[in-house]
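To keep things clear, I will list the structure first and then write my remarks on it.
The values are calculated or read from the model by the stated rules, or taken from the named source; none is laboratory data. In this text, all values refer to a predicted model and were calculated from it rather than measured experimentally. Using ideal geometry, Cβ is built from the backbone for each residue, glycine included, and neighbour counts are taken over all protein chains shown. Surface accessibility is based on the protein's heavy atoms, side chains included, excluding ligands, DNA and RNA. Shrake-Rupley method; radii C 1.70, N 1.55, O 1.52, S 1.80 Å.
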Amino acid sequence: MYEQLKNMKTQEQIELITQYLVGLNSINGTLGEVRIVQEIYRILSTFPYFQEHPENLWLQKIQHDPIGRQNVFAFVEGAHNSSQTVLYHSHIDTVAVEDFGPLKEYAFSPNDLETFFCNYDSDPELQVEARSGDWMFGRGSVDMKSGAAVHISNILYFSEHLEELEGNVLLLCNGDEESEHRGMVGALSELNRIQLELGIHFITAINTDFITPLYDNDTKRYIYTGAAGKILPCFHIYGREVHVGDTLSGIDPNFISAKITERIHNRYKLAENIPGEMVLPPTVLKQRDMKELYTVQTAISSHLYFNCFVYEDSVGMILEKFMREAKEACLEAESYLKAQFEEYIQVTGLPTRDLSWKIDVTSYEDYLAYLTSQDIDVRAIIDGILAEKQMGDLRDLCFEIVSALQAADPEKKARVILFFAPPFLPHNYLRAEDNHDTHIQSIISGVLQEVGDATSEIFELKKFFPYLADGSFLSLHEKKDELKPLTNNLPEWGSVYEIPFDTIKNLNIPSINMGVYGKDGHKWTERVYKPYSFSILPDLIRKTTLRMLEQQTSMHIPKIG
C-alpha cells in the first residue's frame with residue numbers, strides 16, 4: 001500500500017486507509033479479527049522503514065485466545081537514541097451488523113452507504129451530511145478503524161522524519177475491545193517485555209477511540225486524560241417456589257429481582273458525583289429467571305446483573321453500595337409480600353400460617369465462609385462445575401458456580417448472593433498530586449490551545465472517557481488490598497478470569513484519548529467526520545507526541561540499551 005500512500009497528503013492517506021479497513025469484516029469474536037491484524041501487518045511491512053528494520057514490526061499471538069487473535073506492533077526509533085517512548089494504540093474489532101437490517105450487505109461499503117444516505121429522506125440532517133461529502137459511513141468508520149488509520153499514517157510520517165523524534169513511537173493495534181479486552185490484556189506482557197529488553201520507558205499512551213457530541217448542537221472536541229472503569233455486579237436470587245394456586249405463600253425471586261432493578265437501574269443518585277464529567281448510573285444488562293420450561297410452579301431462582309461504570313470509587317465502596325441497595329430492596333419485598341399474605345388471610349378467613357418472609361443478603365465471599373462452616377466442600381462443588389462446563393460465556397459460568405453452591409446450602413432459605421463477574425476494567429486518570437501527571441496535563445493543555453488558535457476548533461479537556469476503552473488496562477491506581485473486594489467476590493479469580501495487576505502497575509502508562517470525531521457509534525448510521533478526523537487530529541497527535549518527547553528527554557535522557 002505504500003506505493004499508493006507515498007505521494008498523498010496526510011488526510012488523503014487516512015481516508016484511503018480508513019476506507020480499506022472498513023471494507024474488512026472484523027466483527028468481534030470472528031476470524032475477521034485475526035485477518036485484519038495480519039492485513040495491517042502487511043500494510044506496515046510495505047513502509048520503507050520496516051523493510052530496513054524488519055525486527056521493529058512483529059505480531060504477538062494472544063495466549064489461550066479462543067479464536068487465535070494476534071496483536072501487531074510497530075516500533076519507530078527516533079534519531080536521538082532516547083529511551084522515552086509514546087505508545088499509540090487502537091482497537092480494530094467492531095460490533096456486529098444486524099442493526100443494518102436490509103442494508104447489512106453494505107455495512108462495510110462506505111461508498112454504497114453514502115449513496116444510500118444521500119437519498120435518505122427519513123432523516124434530513126443525515127441526508128445533508130451525506131451530501132456534503134464530509135462524512136464516511138460504515139461499520140467501524142468511527143469506532144474505530146479511522147482511529148487506527150490516523151495512527152498508521154502518523155507512524156509512516158515519523159518513520160520518514162526520524163530527526164524530529166526526540167524519542168520513539170510504538171504502535172499497537174489489537175482486537176477484542178468490544179467484548180473481553182483480550183487483545184489489550186494480552187498485550188500487557190509484550191509491552192512489559194519490550195520495556196525490559198529494549199530499555200525503553202513509556203511516558204504516555206495515546207488512544208484514538210471516537211469522540212462524539214454530548215448534546216444537541218455540541219461542536220466541541222473532547223480530549224480525555226483518563227478512562228472510566230467497569231465492574232459487573234451480579235445477583236443470584238433464590239426464593240421459595242410454590243404452585244400458582246398457593247402463590248401468596250411463596251417468595252418469588254422474579255419479584256425480588258424486579259425490586260432490586262427498580263432501586264438500581266439508571267438511578268442517578270447511585271452515580272458518582274464528579275462535577276463537569278459525564279458520569280453514568282448503573283444499568284441493568286440481564287434479568288431472567290431460571291425456569292427452562294413452562295410449568296405452573298413459580299420460579300426457584302433468578303439471575304440479574306448490572307453494568308457499573310467506575311470513576312473514582314473503589315471496588316469496596318461499590319460492593320458496599322450494591323449490598324445496601326439489595327438489602328433495602330429485600331426489606332421492601334418482605335414488607336410487601338407479608339402485607340399481601342395477611343390481607344389474603346383476612347379476606348378468606350383461613351387460619352394463618354407460620355411463614356417467614358425474610359430474605360438474606362450476602363456477598364459471595366461471606367457465602368463461601370458460611371458454607372464452609374456448614375462442612376460443605378465448596379472446592380469439590382466448584383471443581384465439578386469447571387469440569388462439566390466449557391469456557392463459554394464467563395458470566396454464565398460464574399452464575400453456574402454460584403447456583404451449584406446455593407444448591408448445596410442446607411438451609412434453603414430465600415437468599416440474594418451478590419458477586420462480580422467478568423469483565424473488570426480498572427479506572428485511571430491523571431492525578432493532581434502526581435508531578436508527572438500534572439506535567440502531561442500541562443503539555444496537552446498547551447497543545448490544545450495552540451491547535452485551537454490555528455484551526456478555530458474548540459477543545460475541552462475532560463477527565464474520563466465516557467465509554468469503555470482499552471486505556472483502562474495501562475495504569476492502575478489501587479493498591480493490592482484495595483482490590484480484594486473484587487478478587488474475593490469474583491468466582492474463581494485466577495482460573496476463570498484474571499487481570500495481571502502487577503504487570504499493569506509495573507507499566508503504569510498514563511493513557512489519554514485524542515479520538516476521531518463522528519456520530520452514532522454502534523448504530524447503522526455510524527459515520528466519521530473527515531475534516532477534523534483526517535486532517536486536524538493527526539496533526540494534534542503529532543504535536544502532542546513531539547512535545548511529550550521533547551519535555552521528557554530534556555529532563556533525563558537514558559539511552560536505549
Point to revise | Condition met for Ile318 (surrounded by 19 or more Cβ atoms within 10 Å (Cβ to Cβ), of a type in the set (Val, Ile, Thr) and assigned to a helix (DSSP H, G or I)) | key: yes
Exercise for review: Give the number of residues within the stretch 189-210 that are surrounded by fewer than 23 Cβ atoms within 10 Å (Cβ to Cβ), assigned to a helix (DSSP H, G or I) and either touching a strand residue (DSSP E or B) at 6+ places or on another chain (Cβ under 8 Å) or not polar (S, T, N, Q) (or both).
Suggested key: 7
Check your understanding: How many of the residues in the stretch 1-31 are open to solvent by less than 70 Å² (accessible area, probe 1.4 Å) and either farther than 18 Å from Thr94 by Cα or touching a residue at least 60 places away in the same chain (Cβ under 8 Å) (or both)?
Key -> 20
Exercise for review: Under 6 Å between Cβ atoms, at least 6 apart or on separate chains: pull out the pairs that start in the stretch 523-534 with a residue that is closer than 18 Å to Glu178 by Cα and end on any residue that is outside any loop (DSSP other than H, G, I, E, B) and of a type outside the set (D, E, K, R).
Suggested key: Trp524/Phe100; Glu526/Ser141; Glu526/Val142; Arg527/Trp135; Arg527/Phe137; Arg527/Ser141; Arg527/Gly518
Exercise for review: Could you tell me whether the stretch 354-372 includes any residue that is at pLDDT 95 or above, open to solvent by 30 Å² or more (accessible area, probe 1.4 Å) and basic (Lys, Arg)?
Suggested key: yes
Study note, to complete from the structure: From the option list Glu262, Glu312, Glu241, single residue qualifying as within 24 Å of Leu476 (Cβ to Cβ) and of a type outside the set (Phe, Trp, Tyr) is Glu312
Review point. If the Cβ limit is 7 Å and pairs must be 6+ apart or interchain, which residue in the stretch 145-162 that is polar (S, T, N, Q) pairs with which residue that is open to solvent by 10 Å² or more (accessible area, probe 1.4 Å)?
Key: Ser153/Thr10; Ser153/Gln13; Asn154/Arg542; Ser159/Tyr49
Check your understanding: Looking at (1) surrounded by fewer than 16 Cβ atoms within 10 Å (Cβ to Cβ); (2) assigned to a loop (DSSP other than H, G, I, E, B); (3) out of contact with any Pro (no Cβ under 8 Å at 6 or more places or on another chain), which is the one condition that is false for Asn266?
Key -> (3)
Check your understanding: Quick check, is Ile43 under 18 Å from Asn154 (Cβ atoms), β-branched (Val, Ile, Thr), open to solvent by less than 10 Å² (accessible area, probe 1.4 Å) and assigned to a helix (DSSP H, G or I)?
Key -> yes
Point to revise | Scan of the stretch 297-315 for residues that are assigned to a loop (DSSP other than H, G, I, E, B), within 18 Å of Pro426 (Cα to Cα) and open to solvent by less than 10 Å² (accessible area, probe 1.4 Å), ordered by number | key: Tyr311
Check your understanding: In the list Glu180, Glu129, Glu160, which residue meets the criterion of being among the acidic types (Asp, Glu), more than 30 Å from Asn81 (Cα to Cα) and at pLDDT 95 or above?
Key -> Glu129
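Results for (1) among the β-branched types (Val, Ile, Thr); (2) closer than 26 Å to Phe473 by Cα, shown as yes or no for each residue.
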residue	(1), (2)
Ala149	no, yes
Glu160	no, no
Gly167	no, yes
Glu177	no, yes
Leu188	no, yes
Ile194	yes, yes
Glu197	no, yes
Thr212	yes, yes
Study note, to complete from the structure: Considering the stretch 104-122, residues that are part of a loop (DSSP other than H, G, I, E, B) and free of Cβ contacts under 8 Å to residues at least 24 places away in the same chain, and then whichever is farthest from Gly133 (Cα to Cα), we arrive at Ser122
